1. Could you run through segment B:54-84 and say how many residues are among the acidic types (D, E) and either in a helix (DSSP H, G or I) or more than 20 Å from A:V99 (Cα to Cα) (or both)?
2. If we keep just the residues of segment A:33-53 that are surrounded by 14 or more Cβ atoms within 10 Å (Cβ to Cβ) and among the β-branched types (V, I, T), which is nearest to the chain's Cα centre (by Cα)?
3. When segment A:109-144 is examined, which residues are found to be within 12 Å of another protein chain (Cβ to nearest Cβ), over 16 Å from the mean Cα position of the chain (by Cα) and free of Cβ contacts under 8 Å to residues at least 24 places away in the same chain?
4. Kindly provide the set of residues from segment B:42-77 that are touching a residue at least 60 places away in the same chain (Cβ under 8 Å) and not hydroxyl-bearing (S, T, Y), ordered by number.
5. Across segment A:64-101, which residue is nearest to A:A12 (Cα to Cα) among those that are out of contact with any Gly (no Cβ under 9 Å at 6 or more places or on another chain) and surrounded by fewer than 18 Cβ atoms within 10 Å (Cβ to Cβ)?
6. Residue check: is A:P61 surrounded by fewer than 24 Cβ atoms within 10 Å (Cβ to Cβ), within 20 Å of A:A42 (Cβ to Cβ) and in contact (Cβ under 8 Å) with a residue 24 or more places away in the chain?
7. Being on the phi > 0 side of the Ramachandran plot and out of contact with any strand residue (DSSP E or B) (no Cβ under 9 Å at 6 or more places or on another chain) is the filter here, so list the residues in segment A:94-142 that pass it.
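The values are calculated or read from the model by the stated rules, or taken from the named source; none is laboratory data. All of these numbers come straight from a predicted model, not from anything done at the bench. Positions of Cβ are backbone-derived with ideal geometry, glycine not excepted, and every protein chain shown enters the neighbour counts.
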Amino acid sequence: MAAVGVDIEPGAWLVWHPVRQPCGPAEQFVAGRRAVAAALTAAGSADRVVPRESDGRPRFPRGFAGSISHTGRVAVAVVVPGAAAVGVDVESAAITPRVSEFVLRERERRTLLAQYSARELFAAKEAAFKALCAIGTLGEFLFWQIELRQSEDVLIASYRGASVPVWVRSEAELSLAVAVSR
Amino acid sequence: MPDQAPAVRERIRALLVDMHGADSFVSAVPDAVSLREAGVSSTSLVSLLVAMEDAFGFEWQDDVRPEALRSISSLAQHVVAVRG
């Protein structure tokens with residue numbers, strides 16, 4: 001396990017941690033907390049504990065916005081000191097055409113699927129959802145209600161007037177998306 | 001009219017078990033517990049919603065309340081409501 005600076009955003013710290021067998025929800029939770037402790041350390045936080053809010057979301061130390069995601073095999077944490085909100089999502093599952101149609105609007109499928117995979121766009125909406133929820137002013141909504149559009153080399157995710165840039169990367173069987181609100 | 005909710009809850013759980021396997025944690029998730037907090041991934045949740053459209057013969061509307069998607073119980077309540 002190693003903390004690495006992320007090429008998508010200056011000052012962002014990203015840590016992967018494997019999920020131990022039997023790879024259930026408890027093991028995924030532990031892997032996520034270990035990843036985030038390492039990311040907070042790398043980012044310079046003296047506090048490495050991330051308790052759960054009543055709604056289940058992690059509460060990061062003040063000044064160290066971050067986010068956690070996991071598949072059944074691996075967890076990832078991203079911390080961006082000084083950011084207003086961060087969202088990360090990692091996906092390994094295949095996105096079926098039906099699921100793609102459910103989550104992506106017709107315009108998004110028409111304009112973005114030539115450049116991105118359905119799994120990348122799914123992850124982008126999830127990451128943006130976490131960041132936009134962390135801002136805390138939008139009320140309750142569903143992640144697929146977020147709209148994606150391309151702007152130069154980054155995706156822009158928007159919902160009810162709020163927007164956040166989202167970077168996506170894929171490697172082997174994983175897609176990673178990170179949204180950072182400044 | 002008999003209460004449809006128990007049968008709908010049972011069918012929803014069966015859809016989850018079909019996706020995750022009989023040995024998975026989903027077979028023991030209580031009806032009222034948040035599926036996301038119990039460990040159901042976002043991709044699995046959306047796959048469940050798609051499977052429910054086929055199983056129960058309806059389509060989710062864009063303005064569905066997030067709370068309706070929280071648990072097996074809330075999902076069943078939504079199905080019963082849209083069936084009238």
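1. Within segment B:54-84, the subset among the acidic types (D, E) is B:54, B:59, B:62-63, B:67.
Those still in the list that are either in a helix (DSSP H, G or I) or more than 20 Å from A:V99 (Cα to Cα) (or both) too: B:54, B:67.
Counting residues in segment B:54-84 that are among the acidic types (D, E) and either in a helix (DSSP H, G or I) or more than 20 Å from A:V99 (Cα to Cα) (or both) gives 2.
2. Kept after step one, since they are surrounded by 14 or more Cβ atoms within 10 Å (Cβ to Cβ), are these residues of segment A:33-53: A:33-43, A:45, A:48, A:50.
Add one more test, that the residue is among the β-branched types (V, I, T), and what stays is A:36, A:41, A:50.
Working: A:V36: 13, A:T41: 19, A:V50: 16 Å.
Per the criteria, the residue is A:V36.
3. Hits for segment A:109-144 are A:G139, A:E140, A:F141.
4. Going residue by residue through segment B:42-77, those that are touching a residue at least 60 places away in the same chain (Cβ under 8 Å) are B:72-73, B:75-77.
Within segment B:42-77, B:I72, B:L75, B:A76, B:Q77 qualify.
5. A:A84
6. Numbers: surrounded by fewer than 24 Cβ atoms within 10 Å (Cβ to Cβ): yes; within 20 Å of A:A42 (Cβ to Cβ): yes; in contact (Cβ under 8 Å) with a residue 24 or more places away in the chain: no.
Judged against the criteria, A:P61 is not a match.
7. Going residue by residue through segment A:94-142, those that are on the phi > 0 side of the Ramachandran plot are A:136, A:139.
Within segment A:94-142, just A:G139 meets the criteria.
Yes or no, residue by residue, for (1) within 23 Å of B:Q61 (Cα to Cα); (2) part of a strand (DSSP E or B); (3) in the same structural domain as A:G11 (by TED's automatic domain parsing):
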site	(1), (2), (3)
A:I95	yes, no, no
A:E101	yes, no, no
A:R109	yes, no, no
A:F122	yes, no, no
A:A134	no, no, no
A:W144	yes, no, no
A:S158	yes, yes, no
A:V180	no, yes, no
